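Notes follow once the structure below has been shown.
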Amino acid sequence: MPQDRIDALGLPPGLTEALRRLAQHQASPARHRRPVGVIGPGDADGQVYADARLIARALAAAGMAIVCGGRGGVMAAASQGATEVGGVAIGILPEEDERHANPYLSVALPTGIGEMRNALIARSAICLVAVGYNMGTLSEMALGLKWERPVFVLHGELSLPGAVEVADVQQMLGCVVDCLLGDAASA
């Protein structure tokens, strides 16, 4: 079943094969239990929204859970992409309740700690995928880098030392899958 979901993405053969290897790893006892953080602006639309959705869909099809801030824009796109293929989308919300949670979340975690929830996203993720940017995204990226999380950036307008900038969705997925499979090999 995961193979069918991966094949349905219509990605190039090399990337499809890499996602299949990740899916095999995720079906094993040694699977990654931590999610991939998908971060970006809450007001994103258009190409940024579409790219975040496809990235999350591909990662979820390969068995990865995603974690995000749980609201709109990139967060909703990532949640939508993940749940469309039966994956898990975790939203760490800044509010004390889930009223503002996007409708695609599998799990909504209201924290009541405001933007400090960005630290929880960065700390909990195995790596961070930034699609677009705003000040909140930059804070998550900086914290991720401080905590030695790999950070990958698409549609970013600012460069942070240590973050890997990519040109498109395919390059993003290639980098993230390589990172995840590399972590699996070293575990």
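The values are calculated or read from the model by the stated rules, or taken from the named source; none is laboratory data. Being a predicted model, the structure only gives us computed values, none of them experimental. Cβ coordinates were reconstructed from backbone atoms using ideal geometry, including for glycine residues, and neighbour counts include every protein chain displayed. SASA here: full protein model, heavy atoms, side chains in, ligands and nucleic acids out. Shrake-Rupley method; radii C 1.70, N 1.55, O 1.52, S 1.80 Å.
Please verify whether the stretch 82-89 includes one or more residues that are buried (at least 16 other Cβ atoms within 10 Å of the Cβ), touching a Gly at 6+ places or on another chain (Cβ under 9 Å) and either within 27 Å of W147 (Cβ to Cβ) or among the hydroxyl-bearing types (S, T, Y) (or both). Looking through the stretch 82-89, at least one residue is buried (at least 16 other Cβ atoms within 10 Å of the Cβ), touching a Gly at 6+ places or on another chain (Cβ under 9 Å) and either within 27 Å of W147 (Cβ to Cβ) or among the hydroxyl-bearing types (S, T, Y) (or both). The one condition from (1) touching an Asp or Glu at 6+ places or on another chain (Cβ under 8 Å); (2) of a type in the set (V, I, T); (3) over 18 Å from Q170 (Cα atoms) that V67 does not meet is (1).
Within the stretch 112-140, the residues that satisfy the criterion of being crowded, with 23+ Cβ neighbours inside 10 Å and under 15 Å from A52 (Cβ atoms) are I121, A125, L128, V129, A130, V131, G132, Y133, T137, E140. Selection of the stretch 168-187 for residues being at pLDDT below 95 and open to solvent by 40 Å² or more (accessible area, probe 1.4 Å) yields D183, A185, S186, A187. Of (1) more than 30 Å from D4 (Cβ to Cβ); (2) open to solvent by 40 Å² or more (accessible area, probe 1.4 Å), R53 satisfies all except one. Which? Result: R53 passes all but (1).
Condition check for P110 on (1) at pLDDT 95 or above; (2) of a type outside the set (G, A, S); (3) under 16 Å from the mean Cα position of the chain (by Cα): one failure, at (3).
Among residues of the stretch 23-50 that are under 14 Å from G156 (Cα atoms), those with a beta-carbon under 8 Å from a residue that is among the acidic types (D, E) at least six positions away or on a different chain give the pairs I39/E140. Summed over the stretch 101-143, the residues that are in contact with a helix residue (DSSP H, G or I) (Cβ under 7 Å, 6 or more places away or on another chain) and farther than 12 Å from V38 by Cα give a count of 10. Does the stretch 150-167 hold any residues that are open to solvent by 20 Å² or more (accessible area, probe 1.4 Å) and in contact (Cβ under 8 Å) with a residue 60 or more places away in the chain, and which are they? Correct list: H155 only.
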